[in-house]
Amino acid sequence: MNGSQPKTSVIPKVAYVIAGIVLLCGYFVMRYAAIPSDPKSAGWPEGGKVLLSALVPLVGAAWVLLIGYIYGDSKRRLMRPWLWTLLAIFIPDAIGIILYFILRDPLPFYCSKCGASVNAKFTFCPSCATPLRPTCTQCGRGLERGWAHCPHCGVAAPAANQISPSTGTPAPGAS
Ligand SMILES: [Zn+2]
Ligand SMILES: [Zn+2]
């Protein structure tokens, strides 16, 4: 079991542990320190105090899990996990978190020959040089599956490339 395997949880275990601590400590701090020290809380019903004590750390724990998700997700996408984790934590108003979800790379896949984890944008496997996608017969650049023509030189793509793999039907314009 290690974090690079595709079936394991994206959120690291330590994030669940921290979220649990936040939840537990947050509740007791709210219930027995923060709320009693606020003079306005004197008239509040007991149930309201319990609810508020639970709600605040719950939001904190959810935030910890979201940061943990960004760490795990950026790691499996072969991005820089600590950079994105720190940006998500320190850029205010959740802008770092929003930026991450806008800018994240596509999920990598595994080379069919050597099993290396490769970026979805690569044309050849960096470990064993196996072609990961069809290439243009004229200029040799990588083609996306389903493209009918090379976007760089305009030459028609090989007929097999014009079948979209996800649906099994010819891509639009391939007829
Ligand atoms: Zn390979
Ligand atoms: Zn070309």
Phe90 versus Arg141: modelled label distance in nm, points set 7 Å from Cα along the beta carbon direction: 3.7 nm
Sorted peptide list for 88-100, 143-155, criterion being average Cβ within 10 angstrom, highest first: 143-155, 88-100
Lys and Arg at +1, Asp and Glu at -1: add these up for the other residues within a Cβ distance under 12 Å of Arg104 and post the number. +2
In whole Å, largest first, the alpha carbons of the chain cover along the principal axes 78, 35, 29
Rank these for me by crowding, Val29, Val56, going from fewest to most other beta carbons within 10 Å. Val29, Val56
Taking Trp44, Trp63, Trp84 and counting other C-beta atoms within 10 Å, the order from fewest to most: Trp44, Trp63, Trp84
Near Lys49, which lysines are there with a Cα under 18 Å away, not counting those fewer than 8 places off in the same chain? Lys40
Which lysines does Lys113 reach when only Cα atoms under 25 Å apart count, and residues fewer than 8 places away in its own chain are ignored? Lys7, Lys75, Lys121
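Here, each number is a calculation from the coordinates, and none is a lab measurement. Computed from a prediction, not measured in an experiment: that's the story for all the values here. All Cβ positions, glycine included, derive from the backbone under ideal geometry; neighbour counts span all protein chains shown.
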